[in-house]
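The values are calculated or read from the model by the stated rules, or taken from the named source; none is laboratory data. Keep in mind that what you see is a predicted model, and the values were worked out from it rather than measured. As a convention, Cβ positions derive from the backbone with ideal geometry for all residues, glycine included, and neighbour counts pool all protein chains shown. In case anyone asks, the SASA skips ligands and DNA or RNA and just uses the protein heavy atoms, side chains included. Shrake-Rupley method; radii C 1.70, N 1.55, O 1.52, S 1.80 Å.
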Amino acid sequence: MNRIALDQMECSIARALDVVGTAHAVLILRNAFNGMRTFDAFQAHLGMSSSVLAARLKLLTTAGILEKRASPTDGRSFEYRLTAKGRDLYPVLVALLHWGETWDASPDGPRLTLVETATGRPVQTMAVRSEDGRALDPREVTAMPGPGAGHKTHSLAGWRRRG
């Protein structure tokens, strides 16, 4: 069977994973959301080889998730800043953080707690919510093909309705 490249699949999840689907990419994004901006800082904190880090930063930049800018303090170096497209990935990372703290918790307590800057209060756990704000279990949600759906998406969306 021939493998289809993720960026050629008719699936929003597959296409997103083509860009951010490596552990390195997700960890770079985690660090960027925490204010990290320079190649040297990413490398020192993540312990990645220069070639792997450079490749991941280039992919994230080419995809429009990060923007590479000249450093305001040193014209010879660059900073990597999240774009609006990159900032839209924040709920994904928060959901992964909350999942990890729930299912792989440290016996000593949370490794990281997110708090609202203005109030200092913890943020709520990520959830898929109904129109009235109620958290929904996956069994309460049905994926429906949209106008851009092709045959594979229609087929996938039909699986739950078959059972």
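Ordering HIS151, HIS45, HIS98, HIS24 by how much accessible area each has at a 1.4 Å probe, largest first, what is the list?
Most to least solvent-accessible, the answer reads HIS151, HIS45, HIS24, HIS98.
Which entry in (i) -0.48; (ii) -0.37; (iii) -0.63 is this structure's computed log10 I(q)/I(0) by the Debye sum over Cα atoms at q = 0.11 Å⁻¹?
(iii)
Can you spot the lysines whose alpha carbon is less than 17 Å from LYS68's alpha carbon? Ignore those fewer than 8 places along the same chain.
Candidates past the 8-residue exclusion: LYS58, LYS85.
Could you put ASP104, ASP132, ASP137 in order of accessible surface area, largest first, with the 1.4 Å probe and the full protein assembly present?
I get ASP132, ASP104, ASP137, largest accessible area first.
Where q = 0.13, 0.18, 0.26 Å⁻¹, what log10 of I(q)/I(0) comes from the Debye formula for the range 65-136, counting one point per Cα?
-0.62, -0.92, -1.15
Roughly how many Å² of THR61 are accessible to a 1.4 Å probe, to the nearest 10?
40 Å²
Can you give me the angle between helix 151-162 and the longest principal axis of the chain, using Cα atoms only, in degrees from 0 to 90, rounded to the nearest 10?
Taking the Cα atoms of the chain, the angle to 151-162 is about 60 degrees.
Show LYS152, LYS85 ordered by accessible area, largest first, where the area counts protein heavy atoms only and the probe is 1.4 Å.
So, going from the largest accessible area down, we get LYS152, LYS85.
Taking only Cα atoms, what is the 0 to 90° angle, nearest 10, from helix 50-62's long axis to the longest principal axis of the chain?
Taking the Cα atoms of the chain, the angle to 50-62 is about 60 degrees.
Would you mind checking the tilt of helix 90-103 against the longest principal axis of the Cα atoms of the chain, expressed as 0 to 90 degrees and rounded to 10?
Helix 90-103 sits at roughly 80 degrees to that axis.
Hey, got the Cα dimensions of the range 1-51 along the principal axes, in Å, largest first?
41, 21, 12
Local charge sum around TYR90 (other residues, Cβ-Cβ under 15 Å, Lys/Arg +1, Asp/Glu -1)?
Taking every other residue near TYR90 into account, the sum is +2.
Once the whole set of protein chains is in place, how much accessible area is left on LEU96, using a 1.4 Å probe, in Å² to the nearest 10?
Answer for LEU96: close to 100 Å² accessible.
How big is the charge dipole of the chain about its Cα centre, in debye rounded to the nearest 20, if each Lys and Arg gets +1 on its Cβ and each Asp and Glu gets -1 on its Cβ?
400 debye
Report the calculated FRET efficiency for LYS58 and ALA149 (r = Cβ-Cβ distance, R0 = 22 Å), to the nearest 0.05.
0.10
Measure off, as a whole percent, the carbon and sulfur share of the 1.4 Å-probe accessible area of the chain, all protein chains present.
Here carbon and sulfur together make up 56 percent of the probe-accessible area.
Just to be sure I understand the model, the point goes 7 Å from the Cα along the line to the Cβ. What's the resulting SER77 to GLU131 distance in nm?
5.2 nm
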